[in-house]
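Encoded as structure tokens, the structure appears first; notes follow it.
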Amino acid sequence: MLKLDRKKWVAVFILLVGLTWIWLSRVPPGTITASKPEQPRQGFSAPRFALATTRGDVIALEDLRGKAVIINLWTSWCPPCRAEMPALQNVYELYKEDGLEILAVNSTIQDTPDAAQAFAEEYGLSFPILLDMDGAVSELYQLKSLPTTYFVDQQGDIREVVLGGPMAEALLLVRVQQLLGVQP
Amino acid sequence: MMPILQVGPVAIPLPAILILLGIWLGISLAERHAHHYTTDPDQLFNMALIALVSGVIAARLTYVARFPSAFSQNPLDIFSRNLGLFDPIGGLVFGTIIATIYAQRKGMRLWPTLDALTPAFAVLALAYGFAHLASGEAFGAATSLPWGVEWWNARRHPSQIYEIFGAALILFIFLPGRRNIAPSGVYFLYFVCLTSGLRLFLEAFRGDSPITIWGLRVPQIVAWVLLAAGLWLAAKRAGSHSSIPGTSSQEN
């Protein structure tokens, strides 16, 4: 009986130590609201960049603050990139008016501007096609697999990174609805 | 960090492969040593397989049920390979329910079965740590300690390495045959307590914990509740065993 009682006291002691540790290791309130560093991964602020489109305009990610943004890194020769583009176009047409923007960043260092332009025309893409001529954005976003897609919220934070593809249209629809806070 | 393993034109998600490998190794280990816990190895393997398959199917169906309009426009996406179209909680719940139904129909006893599965859970926890390392998830909080690693633009705790070491230690402790704790169930419950305690401790060094009021870390609260439940149930099992004279170590 004495042994059992001692075990109970040990259990209570362990639980109290646990509670103390939870309190001591809490995240200080000031650090929760601090601005997030820029890193190409979920939970961080999306690294800023500005690139020229195939039409010659320059688009800066920072200027799209307040909109939900999908950044899709792709090349014209990559089969999964080709496979998911129609779904991206469909979702863009559905939610453009609700504040969705898609930046299709062609990793032109592994492609050519002409091939990117021809691809956009072939698929009837109406969102901007950005040319990463020197690979700086591919490097900034630590591109490891083609395609790679970043879902960025209205505050400029990355909500999700999808490595590889092709992404199903259902996946795109759900993520965009969640980003925009709209009912399906 | 290597979230994608590029094999020619095929991009393989390495974290998912590591989890699958952990499941396979864990089930194999549990099956091989099931007799230590008076559990039929074939029944244990079948139960784990049924739980796994039904869990995966349920995870997808639960996701479809949560977002029906997305799939009504694209019904073939139900069969998509996208890992983002699974609901892990739904899969876990339904997989457990199906496994429980199977176990009941086969007359498998709860506590010896959980004891027999404990090595599988321990291997899975280790695989989970390696999956975190591969994906870069569960990264550490910033630190100035000398063993900190440069990660995401800061010197951070190598939290995934802590996780791997902790899980490896627990696996070593709970290797089949190393312990013969009476009565049945206590072996599993001690594993729950130790794993919860480890999570409670290590979560403090993570830089991506979900936070609730007063800056408290949600996983620590969940781990504390599991630790309390594990300790209470273990004491109850041990108490009921000691009150029955002549009970053997493998009785339920």
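The values are calculated or read from the model by the stated rules, or taken from the named source; none is laboratory data. The structure displayed is predicted, hence computed values, not measured ones. Here the Cβ positions follow ideal geometry from the backbone for every residue, glycine too, while neighbour counts run over all protein chains shown. Just so you know, the surface numbers come from the protein's heavy atoms only, side chains and all, with ligands and any DNA or RNA stripped out. Shrake-Rupley method; radii C 1.70, N 1.55, O 1.52, S 1.80 Å.
Report, by residue number, each residue of the range B:184-199 that is out of contact with any Phe, Trp or Tyr (no Cβ under 7 Å at 6 or more places or on another chain), crowded, with 24+ Cβ neighbours inside 10 Å and among the hydroxyl-bearing types (Ser, Thr, Tyr).
Once the filter is applied, which keeps residues that are out of contact with any Phe, Trp or Tyr (no Cβ under 7 Å at 6 or more places or on another chain), crowded, with 24+ Cβ neighbours inside 10 Å and among the hydroxyl-bearing types (Ser, Thr, Tyr), the range B:184-199 yields only B:Tyr187.
Being open to solvent by 60 Å² or more (accessible area, probe 1.4 Å) and either in a helix (DSSP H, G or I) or under 20 Å from B:Val186 (Cα atoms) (or both) is the filter here; which residues of the range B:125-142 pass it?
B:Tyr128, B:Phe130 - these are the residues of the range B:125-142 that are open to solvent by 60 Å² or more (accessible area, probe 1.4 Å) and either in a helix (DSSP H, G or I) or under 20 Å from B:Val186 (Cα atoms) (or both).
Conditions tested, residue by residue: (1) open to solvent by 50 Å² or more (accessible area, probe 1.4 Å); (2) in contact with an Asp or Glu (Cβ under 8 Å, 6 or more places away or on another chain); (3) acidic (Asp, Glu).
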| position | (1), (2), (3) |
| --- | --- |
| A:Val91 | no, yes, no |
| A:Gly99 | no, no, no |
| A:Leu103 | no, no, no |
| A:Asp114 | yes, no, yes |
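Criterion first (in a helix (DSSP H, G or I), more than 30 Å from B:Asp40 (Cβ to Cβ) and within 15 Å of the chain's Cα centre (by Cα)) does B:Phe71 satisfy it?
no
Scan the range A:56-86 for residues that are of a type outside the set (Phe, Trp, Tyr), within 14 Å of another protein chain (Cβ to nearest Cβ) and open to solvent by 10 Å² or more (accessible area, probe 1.4 Å) and jot them down.
Matches in the range A:56-86: A:Pro79, A:Pro80, A:Arg82, A:Ala83, A:Pro86.
Can you tell me which condition B:Arg155 does not meet? The list is (1) of a type outside the set (A, V, I, L, M); (2) open to solvent by less than 50 Å² (accessible area, probe 1.4 Å); (3) touching a Gly at 6+ places or on another chain (Cβ under 6 Å), and all the others hold.
Evaluating B:Arg155 over (1) of a type outside the set (A, V, I, L, M); (2) open to solvent by less than 50 Å² (accessible area, probe 1.4 Å); (3) touching a Gly at 6+ places or on another chain (Cβ under 6 Å) leaves (2) as the failure.
Please state which of the following conditions B:Val222 fails to meet, knowing it meets all the rest: (1) at negative phi; (2) touching a residue at least 24 places away in the same chain (Cβ under 8 Å).
It fails just one condition, (2).
Could you tell me whether any residue of the range B:157-174 is of a type outside the set (Ser, Thr, Tyr) and in contact (Cβ under 8 Å) with a residue 60 or more places away in the chain?
Checking the range B:157-174: not a single residue is of a type outside the set (Ser, Thr, Tyr) and in contact (Cβ under 8 Å) with a residue 60 or more places away in the chain.
Just name the residue that is most open to solvent (accessible area, probe 1.4 Å) out of those in the range B:200-220 that are more than 7 Å from chain A (Cβ to nearest Cβ) and more than 21 Å from B:Gly148 (Cβ to Cβ).
Going through the qualifying residues, I end up with B:Ile213.
Out of the residues in the range A:143-152 that are out of contact with any Cys (no Cβ under 8 Å at 6 or more places or on another chain) and open to solvent by 10 Å² or more (accessible area, probe 1.4 Å), which is farthest from B:Phe79 (Cα to Cα)?
Across the range A:143-152, the extreme among qualifying residues is A:Leu143.
Being within 16 Å of B:Leu194 (Cα to Cα) and outside any helix (DSSP H, G or I) narrows it down to one of B:Leu175, B:Leu171, B:Leu114, B:Leu145, so name that one.
B:Leu175
Going through A:Ala83, A:Ala120, A:Ala68, A:Ala60 one at a time, which residue ends up being of a type in the set (Gly, Ala, Ser) and free of Cβ contacts under 8 Å to residues at least 24 places away in the same chain?
A:Ala60
Would it be correct to say that A:Phe13 is touching a strand residue (DSSP E or B) at 6+ places or on another chain (Cβ under 7 Å) and either open to solvent by 50 Å² or more (accessible area, probe 1.4 Å) or within 14 Å of chain B (Cβ to nearest Cβ) (or both)?
Answer is no for this residue.
Report yes if B:Arg81 is open to solvent by 40 Å² or more (accessible area, probe 1.4 Å), within 14 Å of chain A (Cβ to nearest Cβ) and without any contact (Cβ under 8 Å) to a residue 24 or more places away in the chain, otherwise no.
Yes; evaluated as a whole, the condition is true for this residue.
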